[in-house]
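So the structure is just underneath, and the comments pick up after that.
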Amino acid sequence: MEKINAKGKDLKEINQAIKACINGRRVVISGVSQLHGLAAGLKYGDVLIDGSAGDYLGVLNDGAAIEVAEDTGNYAADNMTGGTLIVRGNAGYGAGQYCYGGRLVVYGDAGDFTGTMNKGATIIVAGDIGDEAGTYMLDGELIVAGNAGKNFANFLIHGDVYIGGDWENLGHNTKVEPLSQEDASKLENYFRSYRIETVPANFKKITAASEKPFYK
Amino acid sequence: MSAIGAYCVSVDRGICLNASMPGKCATCAEVCPYGVYALDPVTGEMTIKNYNACVGCRICAEFCPVNAIRINPAESEYISRYPWTFGVIEEIHHKAQTGEYLLRGFGTQGPTPNFDMITVVPSQIASEPPRDKYREECDMEVLIGEDTCDKPIRLKLPFVWPAMSFGALSKEAKMALAIGAAMTGTAANTGEGGVLPEEIWFSRGYTNEGFSHKEWEPGGYLVVQWSTGRWGVSVDYVNSGDAVEVKIGQGAKPGMGGHLLGAKVTEDVARVRGIPVGSDALSPCRYYDVQTLEDMKHMVAFLRDVTGYQYPIFFKLGPSRPYADVAACIEAGADAISIDGLVGGTGCSPDIVTQGVGIPTIACIPPAVQALKDYGVHRKVKLIALGGIRSGLDSFKALAMGADAVGFGSAAEVALGCRVCYACHKGNCPYGITSQKPELRARLDPLEGGQRLANFLHATAEEIKILTMLSGHNRIADLSPEDLRAMDLNTAALTGLKLAGYDRPLPIWEMGNGKPSGNGKDGK
């Protein structure tokens, strides 16, 4: 295990320090909540953030396993293409946007516009999620164990959205479907592997009403 | 403004092959993007079925094997019936019948303020004497990111290809642009639709992935675009070029995201963009992952970080509030800023937006230059003028007004063979430039296209050289507004250039107290 204290250091120094020591070892970083764009563009590695993180944590992640002991700022796991980001606390505004792959797991609540333009990632929120979550999702999965705010899954194009609680209102181009056996076992696997205490039976599935909601 | 009903289509039946031998030839019906001609499937006879739909592109006339077609503009309509011209009436009928607004490709139609009412001031006895274009050198290099990154871009000529995506353009057109950039030492741009593998090495001048054989000297650069749709974007993508361009907007549809309709999202396009085949790829109008200018600064910081502090960061702006927008780009940390004017084109946009939204290019440059000067970075942070620039003459004027380089989007398509039919969005481009259909793409040879583009840039560069040297300079960076005069009041008023004859800027500019105000917030 390699420990880095970010106090008084800038983004360039810290990200270079992370890259220098992720070879096969877990890197533990503390004091980074003021840095935005931490652990950007990593292809491998195991990074633990001891405390809270700033904005754009793990942006363009392409294979690293990143974990945050407390909360993240806005836009966590932005444009992720691979790897995982696990947030033990809450995620701010717009976590998991523009992702092509990888997994984002938030154990607390996630903010507005979470999972916007998801194109293939699996995003799991154990708590509640804000407004406009999953807006214009093109592929992938968004799983919310708690409740959602306004315009949930607005303008859904492709991909699957699952929710255990309620929503204020569903967005455009959505329809509610019953959970299939396949869906239920998939969800159960996720809940078991990430130790989230809920059961698939409570969940509803939301899919796109039409493939072409804009131009015929 | 609509092109409907603006042209008279006539076919000389005396020489038309179909008229004498029905069924023998149907070329006009095949190539017309608007279905002006109709072929009777039973008799094989050709008729002009829908002459009002003609937009005057003359593709049919070019393809007609016996030169039997004439297309003439119905000009008098615009004088005698304006504003209720036939086109306006047809457009209203179209909406009334279908409930749909018009979508189209390419750029703004009709007259807008442009470079034509600006003239170049040559050197005589009072100023620096002219230089000899045939016997002296002219420095046309543009260096981008000199102080901010490890690998600055050194354009051999002051040109870039603006962002045009794979998807909007065919693979062959993208490859031709990359080759054209390599042959001239300028920069290609991925656009927002992901990167084609060939673009990566072709734009640098290499024929293969291994970067082992350099075919096209001197070799150019590739700018990869980071936009609001983020199609095909990964850490490898942002590292595949020589610069990253943050797209804020574009001239044809500022305030709207890119439109790629499902008809053009083929398997190849879907793979490069990472989306399902046939789905509409509509980019959001704004960054969902940026809410404030502080966020944008952080975005620039992480883009520099993931690219190892090697490459310059570009910004691309639509024509809105050039002073405040350019100032914001400077604050965010731009190394180069492209500003695209009203006339800038696109693969697909609502007609009214292309037609009626945005500031003309000539009126964007002076406030943008003022912002750069106020921040003390003019000629350091580079300004790239886009939007309706057609020639060395237009380019020279943009450079003298204070831009460091210019870009040709529409002109590049024309150099590849385009005849401006405004149907880029339909995916049936007869020249294979904006189509994804294999049979149409086969008509565009990337090598020939690349050579044509390089020829166009070389000829245009020579034109700039002529004008630079006859006005007494041997570096394009030394050009200034003093090398230009406006030839009418409107142009002088829009640009602040000296009015020819009066030989001073208009009093409204001389009295203007400092910088243009307002960033559009709180109605100011």
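The values are calculated or read from the model by the stated rules, or taken from the named source; none is laboratory data. What you are looking at is a predicted structure, and each value in this text was computed from that prediction instead of being measured. Ideal geometry is used to build each Cβ from the backbone, glycine not excepted, and the neighbour counts take in all protein chains shown.
Numbers at a glance
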| item | result |
| --- | --- |
| Boolean, B:G432 is over 23 Å from B:G258 (Cβ atoms) and assigned to a loop (DSSP other than H, G, I, E, B) | no |
| Which numbered condition B:M299 fails, given (1) within 12 Å of chain A (Cβ to nearest Cβ); (2) surrounded by fewer than 23 Cβ atoms within 10 Å (Cβ to Cβ) | (2) |
| The lone exception for A:I143 - which of (1) within 22 Å of B:M256 (Cα to Cα); (2) in contact with a Phe, Trp or Tyr (Cβ under 6 Å, 6 or more places away or on another chain); (3) buried (at least 20 other Cβ atoms within 10 Å of the Cβ) it fails | (1) |
| Selection from region B:109-160 of residues that are among the aromatic types (F, W, Y) and surrounded by 16 or more Cβ atoms within 10 Å (Cβ to Cβ) | B:F115, B:F159 |
| 3 or more residues at pLDDT 95 or above, more than 14 Å from chain B (Cβ to nearest Cβ) and over 11 Å from the mean Cα position of the chain (by Cα): qualifying strands (runs of 3 or more DSSP E) within region A:85-174 | A:160-163 |
| Which numbered condition B:R304 misses (of (1) surrounded by fewer than 21 Cβ atoms within 10 Å (Cβ to Cβ); (2) at the interface with another protein chain (Cβ under 9 Å from one of its Cβ atoms)) | (1) |
| Qualifying residue in region A:45-58 (condition: without any contact (Cβ under 8 Å) to a residue 60 or more places away in the chain, surrounded by fewer than 24 Cβ atoms within 10 Å (Cβ to Cβ) and facing another protein chain (nearest Cβ under 9 Å)) | yes |
| B:V300 in contact (Cβ under 8 Å) with a residue 60 or more places away in the chain, of a type in the set (A, V, I, L, M) and under 28 Å from B:E146 (Cβ atoms) | no |
| Residue in region B:338-355 that is in a helix (DSSP H, G or I) and of a type in the set (S, T, N, Q) present | yes |
| Failed item, numbered, when B:N428 is tested on (1) within 22 Å of B:A188 (Cβ to Cβ); (2) out of contact with any helix residue (DSSP H, G or I) (no Cβ under 6 Å at 6 or more places or on another chain); (3) in contact (Cβ under 8 Å) with a residue 40 or more places away in the chain | (1) |
| Boolean, B:G229 is modelled with pLDDT under 95, in a loop (DSSP other than H, G, I, E, B) and in contact with a helix residue (DSSP H, G or I) (Cβ under 9 Å, 6 or more places away or on another chain) | yes |
| Condition broken by A:V28, with the remaining ones in (1) crowded, with 24+ Cβ neighbours inside 10 Å; (2) of a type in the set (A, V, I, L, M, F, W, C); (3) modelled with pLDDT of 95 or more; (4) more than 23 Å from A:N173 (Cβ to Cβ) satisfied | (1) |
| Matching residues, region A:1-25, being under 11 Å from A:D46 (Cα atoms) and either in contact with a Leu (Cβ under 6 Å, 6 or more places away or on another chain) or not basic (K, R) (or both) | A:M1, A:E2, A:I18, A:C21, A:I22, A:N23, A:G24 |
| Failed item in (1) polar (S, T, N, Q); (2) assigned to a loop (DSSP other than H, G, I, E, B); (3) away from chain B (no Cβ under 13 Å), with A:S185 passing the rest | (2) |
| Any hit, region B:366-384, residues being of a type in the set (A, V, I, L, M), in contact (Cβ under 8 Å) with a residue 60 or more places away in the chain and out of contact with any Lys or Arg (no Cβ under 9 Å at 6 or more places or on another chain) | no |
| Any hit, region A:29-45, residues being farther than 26 Å from A:D112 by Cβ and over 21 Å from the mean Cα position of the chain (by Cα) | yes |
| Meets criteria (buried (at least 24 other Cβ atoms within 10 Å of the Cβ) and within 14 Å of chain B (Cβ to nearest Cβ)) for A:K19 | no |
| Subset of region A:67-84 that is among the acidic types (D, E) and touching a Ser or Thr at 6+ places or on another chain (Cβ under 6 Å) - its residue that is farthest from the other protein chains (Cβ to nearest Cβ) | A:E70 |
| Selection status of B:T434, touching a residue at least 60 places away in the same chain (Cβ under 8 Å), hydroxyl-bearing (S, T, Y) and closer than 30 Å to B:C32 by Cβ | yes |
| B:G344 being closer than 22 Å to B:V244 by Cβ and within 14 Å of chain A (Cβ to nearest Cβ) | no |
| Some residue of region B:34-50 being assigned to a helix (DSSP H, G or I) and of a type in the set (A, V, I, L, M, F, W, C) | no |
| Region B:244-288: number of residues that are outside any loop (DSSP other than H, G, I, E, B), away from chain A (no Cβ under 11 Å) and over 19 Å from the mean Cα position of the chain (by Cα) | 6 |
| Selection within region B:228-269 - charged (D, E, K, R) and within 23 Å of A:P213 (Cβ to Cβ) | B:R230, B:K253, B:K264, B:E267 |
| Condition check for A:A64: more than 9 Å from chain B (Cβ to nearest Cβ), more than 27 Å from B:L293 (Cβ to Cβ) and at pLDDT 95 or above | yes |
